[in-house]
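Chemist: Right, I'll just put the structure down here and ask away after.
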Amino acid sequence: MNQTITFQRNIPVRHDVDIFIAGGGPAGCAAAVVAAETGASVFLAEDLFCFGGAGTAGMVPAFMRFGDGINFLAAGFGERLLDRLIAANGAGDPGKDYDKTGGFSIEAEVLKRVYDDLMTESGANFSFGTRLIAVEHEAGHITRVVLAGKSGIFAVRAKVYVDTTGDGDLCTWAGAQYEKGDSDGNMMPGTLCSLWTNIDFAAVGRDLSGVPANTKVEEAFKDGIFSYCDKHLPGMWYIRKNIGGGNIGHTFGVDGTDERSLTEAVLWGRRSMLEYTRYYREYLGSGYSDMDLVGTGAILGIRETRRIICDTILKVDAFKTRASFPDEIGRFNYPVDIHVTRPNDEVEYQRFVKEISTMCMGKGESYGIPYGTLLPRGLDNVLVAGRCISTDRAMQSSVRVMPGCYITGQAAGMAAAIAADTNTTPRAISMTTLRSHLRKIGTHLP
């Protein structure tokens with residue numbers, strides 16, 4: 001039944017600010033903190049009841065690498081956050097001398113408090129339980145956004161709007177063009193991450209991912225343990241003592257921009273934990289024989305949805321050539337990491353294995369991220385940051401991880417603050433000024 005209705009009412013304008021930010025994940029928090037600390041008035045709307053998105057509510061168990069083995073590439077906001085997380089014993093073993101340019105396990109509750117502190121100290125205004133539901137715009141210019149919370153529906157006006165939703169919702173609803181998935185629209189699967197206890201890490205190993213988790217998948221599938229054969233199994237991360245974080249299983253075919261698809265995927269993700277419980281206990285050795293599931297994430301980990309088309313599209317050649325750009329706002333070096341699209345597909349799995357082992361960088365190597373990837377075509381007072389910036393699919397699979405989001409988020413926040421302060425558009429600001437301001441907050445810009 002395809003019926004429509006007209007819905008109209010008068011609502012209050014609750015905030016009139018310099019900068020509105022949609023989404024309080026890693027990119028949104030970086031943008032808000034950086035912008036607010038310049039003196040800009042900021043309002044951030046977050047649908048959940050914590051900041052951090054996948055790394056907190058989604059229980060993603062680890063940060064991917066922050067640097068290139070020499071340089072801390074996510075410097076600035078990312079390094080401030082990591083330093084606080086380490087000091088609060090929320091990133092692996094207390095007191096251990098870690099290489100800060102590498103990856104780190106995550107204690108989600110500690111990370112939540114670190115985000116809380118950084119946001120409140122910055123002076124940014126925000127509210128949880130607040131969802132973006134509409135965008136009002138005229139000729140490529142957003143005039144206001146409509147939000148919904150427990151108190152009802154209200155509007156926010158701003159000079160500059162920043163989309164850090166991860167899915168490009170604000171940009172798309174304002175009319176921006178986007179790409180999605182591969183040439184056939186296929187997207188990477190999601191994962192419902194999880195927390196486990198009673199793991200003997202002395203037996204299974206204490207590196208970030210423990211023992212290779214996929215060694216017995218085919219055998220377990222033949223034995224009827226698994227509903228499908230998914231050899232791409234990132235595995236279990238050491239959190240602390242006997243606690244592990246599971247980046248386990250895939251929800252194939254999920255569309256993170258469709259709540260019906262997300263519902264089906266989350267239901268399957270929770271059911272699949274029964275299969276993985278039995279697999280780990282019976283097939284992967286004594287270290288896992290007594291493990292128990294503590295809980296699953298409140299949200300599904302989504303790797304890929306929309307990529308907003310901006311002034312510049314960052315393409316895989318930039319990865320291959322370790323490119324630099326005149327309008328560079330940061331550098332990054334995480335591998336091209338496109339998860340398998342389908343289960344039971346050996347060709348697809350071997351494609352992944354080859355890609356992740358060859359499309360990677362050596363020590364001290366990185367590629368530049370141009371500012372033009374944050375400027376949606378056809379919109380004049382909007383920036384985008386996080387996993388939905390303007391890239392091809394290969395580059396999205398690299399820059400999408402949390403440290404990459406810190407880099408683009410802080411650049412968007414700084415650019416928005418400069419534009420608001422000078423009463424111009426993000427596209428018209430001086431690159432010399434932007435890069436100078438980014439260097440002052442510690443951004444890695446060689």
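No lab work stands behind these numbers, since they all come straight from the coordinates. Please read all numbers here as calculations on a predicted model, not as lab measurements. Note: ideal-geometry Cβ built from the backbone for every residue, glycine included; neighbour counts use all protein chains shown.
Chemist: If we count every other residue with Cβ under 13 angstrom of SER272's Cβ, Lys/Arg +1 and Asp/Glu -1, where does the sum land?
Modeler: Numbers: positive: ARG270, ARG271, ARG278; negative: ASP230, GLU264, GLU275.
Cβ neighbours under 13 Å give a net charge of 0.
Chemist: At a threshold of 8 angstrom on Cα-Cα distance, excluding pairs fewer than six apart, so keeping six or more, what relative contact order does region 194-296 reach in percent?
Modeler: This gives 39 percent for region 194-296.
Chemist: Give me a comma-separated list of calculated 3J(HN,Hα) values for region 317-322, in order, Karplus coefficients 6.51, -1.76, 1.60 applied at θ = phi - 60°, integers in Hz, x for any Gly or Pro.
Modeler: With coefficients 6.51, -1.76 and 1.60, one gets 4, 5, 5, 5, 9, 6 Hz.
Chemist: Okay, next question. With 10 angstrom as the radius, rank ILE369, ILE309 by how many other C-beta atoms surround their C-beta, starting from the fewest.
Modeler: Values: ILE369 28, ILE309 19.
Ascending number of Cβ neighbours within 10 Å: ILE309, ILE369.
Chemist: Name the most mobile residue of LYS100, LYS216, LYS159, meaning the one with the largest mean-square fluctuation, in a Gaussian network model of the chain with Cα contacts below 10 Å.
Modeler: LYS216
Chemist: Shifting gears a bit: Could you work out the relative contact order of the chain, using alpha carbon pairs under 8 angstrom and six or more residues apart, expressed as a whole percent?
Modeler: Details: 1063 pairs, mean separation 101.6, N = 446.
Relative contact order, the chain: 23 percent.
Chemist: Next up: How would you order 313-319, 409-415, 180-186, 221-227 from highest to lowest mean count of nearby Cβ atoms within 10 Å?
Modeler: Values: 313-319: 19.6, 409-415: 32.0, 180-186: 12.3, 221-227: 14.1.
My ranking of the peptides, most packed first, is 409-415, 313-319, 221-227, 180-186.
Chemist: Could you grab the relative contact order for region 296-446? Cα pairs under 8 Å, six or more apart, rounded to a whole percent. It would help to have the intermediate numbers written out before the result.
Modeler: Numbers: 236 pairs, mean separation 48.0, N = 151.
The normalised contact order for region 296-446 reaches 32 percent.
Chemist: Which ordering of LEU48, LEU379, LEU82 is given by a fewest-first count of other beta-carbon atoms within 10 Å? Before the final figure, lay out each step's value.
Modeler: Details: LEU48 19, LEU379 26, LEU82 23.
Ranked by crowding around the Cβ, least crowded first: LEU48, LEU82, LEU379.
Chemist: With Cβ to Cβ distances under 14 Å as the rule, what net charge do the other residues near GLY413 carry (K, R +1; D, E -1)?
Modeler: Details: positive: ARG80, LYS159, LYS440; negative: ASP18, GLU37, ASP163, ASP421.
Its environment carries a net charge of -1.
Chemist: Going by how many other Cβ atoms sit within 10 Å of their own, how do THR305, THR251 line up, fewest first? Before the final figure, lay out each step's value.
Modeler: Numbers: THR305 25, THR251 22.
Fewest-to-most ranking of THR305, THR251: THR251, THR305.
Chemist: Rounded to whole Hz and in sequence order, give me ³J(HN,Hα) for region 364-370 from the Karplus expression 6.51 cos²θ - 1.76 cosθ + 1.60, θ = phi - 60°, writing x for Gly and Pro.
Modeler: My calculation for region 364-370 gives x, 9, 6, 10, x, 10, x Hz in order.
Chemist: Using a cut-off of 12 Å between beta-carbons, work out the net charge of the residues near ASP16 (Lys and Arg +1, Asp and Glu -1, ASP16 not included).
Modeler: +3
Chemist: Follow-up. Compute, for region 194-296, the length of the dipole vector about the Cα centre, with Cβ point charges of +1 (Lys, Arg) and -1 (Asp, Glu) only. Units Debye, rounded to 20. All intermediate terms of the calculation are to be shown ahead of the outcome.
Modeler: Working: 11 positive and 14 negative charges, 55 e Å.
The calculation lands at about 260 debye.
Chemist: For the chain, give me the percentage of DSSP beta bridges that are antiparallel, rounded to the nearest 5 percent.
Modeler: Details: 36 of 55 bridges.
Antiparallel bridges make up about 65 percent of those DSSP assigns within the chain.
Chemist: A 27 angstrom limit on the alpha carbon distance is what I want to check against. Which of LYS100/LYS216; LYS100/LYS231; LYS222/LYS354 exceed it?
Modeler: Working: LYS100/LYS216 33 Å; LYS100/LYS231 30 Å; LYS222/LYS354 25 Å.
From LYS100/LYS216; LYS100/LYS231; LYS222/LYS354, over 27 Å: LYS100/LYS216; LYS100/LYS231.
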